[in-house]
Amino acid sequence: NAGVTQTPKFRILKIGQSMTLQCTQDMNHNYMYWYRQDPGMGLKLIYYSVGAGITDKGEVPNGYNVSRSTTEDFPLRLELAAPSQTSVYFCASSPRWGNTGELFFGEGSRLTVL
Amino acid sequence: AQTVTQSQPEMSVQEAETVTLSCTYDTSESDYYLFWYKQPPSRQMILVIRQEAYKQQNATENRFSVNFQKAAKSFSLKISDSQLGDAAMYFCAYRRGSDSGGGADGLTFGKGTHLIIQP
């Protein structure tokens, strides 16, 4: 069972470069999320989506963009990488109906901006 | 906005002993879920236990149990017979339920407690 798959797992970027973190889920979940985790901190919500074509900002959206063209995929785009975006990024999903509340997480992507 | 507070940055316990991790939260909603997630060095977020706010009975999963005090907005995790594999970061998290908007905006996390198991 694949669940939530994130790629890449590790990446080093130079300041000003752009990249996309990929996220795909095979559970047919309506809700998808991007979180970031800084050292010694909990996870903070960047963006979320309740379905294809619908996205909304979370607590820390600045410097990021998202799109949701299909139910399965929810990529996160960094346009001009900055050192403050060095973090571990988690994608997660959950169903809309029959919801037990929990989120299902990918394994995380460690991004370093130098 | 909801907030989740974990006041213990680090806890240490002897193997086979019992340890309790604290969590408090703030919300004006009546329908919500509370969770404890475990994050080992592998980074994977693993669900430990879940509590629905409408249930008065405390949730239990094998060696893990919670003390849910709704009026006090407290949600502590008790780990019995601690094992070396329990060493990890533990995060308390909150999510609104379907009667409170459906929780489409996901989980709100505390800052975590680093649990050390002494052999």
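Which lysines, if any, have their Cα less than 24 Å from the Cα of A:Lys44, not counting same-chain residues under 8 positions apart?
Counting by Cα, and skipping residues close in sequence, A:Lys44 has these lysines nearby: A:Lys9, A:Lys14, A:Lys57, B:Lys38, B:Lys73, B:Lys111.
Over the Cα atoms of chain B, each weighted equally, I'd like the Debye log10 I(q)/I(0) at q = 0.11, 0.12, 0.17, 0.20 Å⁻¹, rounded to two decimals.
Log10 of I(q)/I(0), two decimals: -0.34, -0.40, -0.80, -1.07.
What does the charge add up to near A:Ile46, with Lys and Arg as +1, Asp and Glu as -1, over the other residues with Cβ less than 15 Å from its Cβ? Display every interim value, and only then the final one.
Details: positive: A:Arg36, A:Lys44, A:Lys57, A:Arg68, A:Arg77; negative: A:Asp38, A:Asp56, A:Glu59, A:Glu79, B:Asp105.
Neighbourhood net charge equals 0.
May I ask for the net charge around B:Asp81, where only other residues with Cβ less than 14 Å from the Cβ of B:Asp81 are counted and Lys, Arg are +1 while Asp, Glu are -1?
-2
Using the Karplus curve 6.51 cos²θ - 1.76 cosθ + 1.60 with θ = phi - 60°, what ³J(HN,Hα) values do you get for each residue of region B:15-24, in whole Hz, with x for Gly and Pro?
Once θ is set to phi - 60°, the couplings for region B:15-24 become 3, 6, 8, 10, 9, 10, 9, 9, 8, 10 Hz.
Residue by residue through B:108-119, how many Cβ atoms from other chains fall within 10 Å of the Cβ on average?
2
Quick one: which residues, 5+ away or cross-chain, put their amide H under 5 Å from the amide H of B:Ser76? H built at 1.01 Å from N.
B:Cys23, B:Asn67, B:Gln69
Tell me, A:Ser94, A:Ser67, B:Ser80 in order of fewest to most beta-carbon neighbours within 10 Å?
Values: A:Ser94 22, A:Ser67 16, B:Ser80 13.
With the sparsest Cβ surroundings first, the list reads B:Ser80, A:Ser67, A:Ser94.
Which whole number gives the average count of other chain Cβ atoms within 10 Å of the Cβ atoms across peptide A:100-110?
Numbers: counts 4, 17, 9, 9, 2, 8, 3, 4, 5, 1, 1.
Mean partner-chain Cβ count within 10 Å for A:100-110: 6.
Cut-off under 20 Å on the C-alpha distance; same-chain residues fewer than 8 positions from B:Lys70 excluded. Which aspartates and glutamates are left, in chain and number order?
The reachable aspartates and glutamates, counting only those whose Cα sits under 20 Å from B:Lys70, are A:Glu102, B:Asp26, B:Glu29, B:Asp31, B:Glu52, B:Glu61, B:Asp99.
So for B:Trp36, A:Trp34, fewest C-beta neighbours within 10 Å to most, what's the order?
Result, fewest neighbours first: B:Trp36, A:Trp34.
Taking the Cα centroid of region A:24-78 and of region B:3-64, what is the distance between the two, rounded to the nearest whole Å?
24
So if the hydrodynamic radius of region A:20-71 is defined as the Kirkwood radius over C-alpha pairs, what does Stokes-Einstein give as its diffusion coefficient at 20 °C and 1.002 mPa s, in µm² per second?
182
Tell me the net charge near B:Ser22. Cut-off is 13 Å between Cβ atoms, B:Ser22 excluded, with +1 for each Lys or Arg and -1 for each Asp or Glu.
+2
Rule-based calculations on the coordinates, nothing more; no lab input. The model shown is predicted, which means the values in this text are computed figures rather than measured ones. So basically every Cβ, Gly included, is an ideal-geometry build from the backbone, and we count neighbours across all protein chains shown.
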